Every structure is written in structure tokens, then in C-alpha cells.
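These notes are about the structure you will find just below.
Read-outs: derived from the displayed coordinates by stated rules, not from any lab. Here the structure is a predicted model, which means the values were calculated and not measured. Glycine gets a Cβ as well: all are built from the backbone with ideal geometry, and neighbour counts include every protein chain shown.
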Amino acid sequence: MEIMNYSPDMRERVHDFLGRVFPESGKSFEPEGRYSIFADIERNFIVFLCLFDRDSIIGTAAVKRLNDSACELKGLYLYKDYHGRGLGFKLADTAVEAARRLGFERIFLDTMSGYDRAMRLYEKMGFVRTDRYNDNERADVFMVKN
């Protein structure tokens, strides 16, 4: 297993991965619609990580800049077959560390209360609930880590 920084030549493989992993959580990947943020990864994220198992992307995590002192953890996805191995933690932790190295003081995230595994992961990482910080109408849980 290896975590690599995104490069433009990975675009098609990342979109293929997202198209396959989204249905595992009951979502449909729409890069030209609801998930348009993934249509231009270079422009929308300051960090985008891909977890590889040999030559296949099996997970992603990203960081989006909110302002000079705050950013947001985005795009944390991992195939279900790889759950329970600490890989989601490793991906998220690598993204948080990258944000810290870039000088951010706080990292936010939003999620849905029905995503129990994700909630446990974020709490294990030290994220705590906070007030709504964005207009994502689907999210009902907002968290921050200093």
C-alpha cells in the first residue's frame, strides 16, 4: 500500500475509482453535477492523496482551502473491502498532517450522522463537533480539529 500525491495523469483513474466507490455508500458519482468539485482536482484542492494497492487506487483523501487559517478535509473514500485495516485513518491522518505543514490552524469536515464508521474515525483522530460552517444541505454533522 502506498499513498501518492495526485497528478493530472491520474485523473481518469481517480474518476473511475470514485464512480465505483460512491455506490458502496449509496451515492452516485456525478462529476458534472453534485460532485463537480472533483472535475478539476488541481484547482479545487490544495492536497489530493491517492492510496494505491499495487497499481489500483483504493482510497482518496483531500484538503480544500477555506481561508488563510482554516481548511477542510474532503473526499475521504475507501473501498469497503479495505475497511478495518487502519487505511482510512492513515489516509485522513496524512491529509491532516499535510494541512498542518501548509500552516493551517484548523481543519473542518462535514458528514452525515448515518455514517457511523466515519464518525468513529473522525472522533478517534481528535475531531470534535462544531457549528455549521458551510451550506452543504446534505450534511448534518460538522467537526473541527485544531
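Here the Karplus curve 6.51 cos²θ - 1.76 cosθ + 1.60, taken at θ = phi - 60°, turns the phi angles of the stretch 18-34 into couplings of 4, x, 8, 7, 4, x, 4, 10, x, 10, 10, 6, 10, x, 9, x, 4 Hz, with x standing for Gly and Pro. Less than 5 angstrom separates the built amide H of Tyr79 from none of the residues sequence-distant by 5 or more or on a different chain. Say a paramagnetic label sat at a point 7 Å from the Cα of Glu105, along Cα to Cβ; which residues of the stretch 53-82 have their backbone N under 17 Å from it? Those under the cut-off are 65-72.
Under 12 Å from the Cα of Lys80, which aspartates and glutamates turn up, not counting those fewer than eight places away in the same chain? Within the straight-line limit of under 12 Å, Lys80 reaches these aspartates and glutamates: Glu24. Dividing the summed -39500 (n - 2.57) terms of all DSSP H runs of n ≥ 4 by the residue count of the chain sets its mean residue ellipticity at 222 nm at -8000 deg cm²/dmol. Annotation: amide H of Lys27 has no partner in the under-5 Å range at sequence separation 5 or more or interchain, hydrogens built in the peptide plane.
Close amide H contacts of Val47 (hydrogens built in the peptide plane, cut-off under 5 Å, sequence separation of 5 or more or a different chain): Val63. Which aspartates and glutamates, if any, have their Cα less than 12 Å from the Cα of Lys74, not counting same-chain residues under 8 positions apart? The reachable aspartates and glutamates, counting only those whose Cα sits under 12 Å from Lys74, are Asp110.
The label-point distance for Glu123 and Arg13, in a model that sets each label 7 Å from Cα toward Cβ, rounds to 3.6 nm. Grouping the Cα pair distances of the chain into 5 Å bins from zero gives a pair-distance distribution of 2, 9, 20, 24, 24, 16, 5, 0 percent in increasing distance order.
The string of couplings for the stretch 114-131 from the Karplus curve (6.51, -1.76, 1.60, θ = phi - 60°) is x, 8, 4, 4, 5, 4, 4, 4, 4, 5, 4, 7, x, 6, 10, 5, 9, 5 Hz, one whole number per residue in order, with x for Gly and Pro. Projecting the Cα atoms of Gly84, Gly103, Val47 onto the charge dipole of the chain, computed from C-beta unit charges around the Cα centre, puts Gly84 farthest toward the positive end.
Would you mind checking Lys90/Lys145; Lys27/Lys64; Lys124/Lys145; Lys27/Lys90; Lys64/Lys145 for any pair whose Cα atoms are more than 19 angstrom apart?
On the way: Lys90/Lys145 16 Å; Lys27/Lys64 21 Å; Lys124/Lys145 11 Å; Lys27/Lys90 24 Å; Lys64/Lys145 14 Å.
Result: Lys27/Lys64; Lys27/Lys90 exceed 19 Å.
Have a look at the DSSP beta bridges in the stretch 2-106 and tell me what percent are antiparallel, nearest 5. List each step's numbers first, then the result.
Values: 17 of 18 bridges.
Taking every DSSP beta bridge with both residues in the stretch 2-106, the antiparallel ones total about 95 percent.
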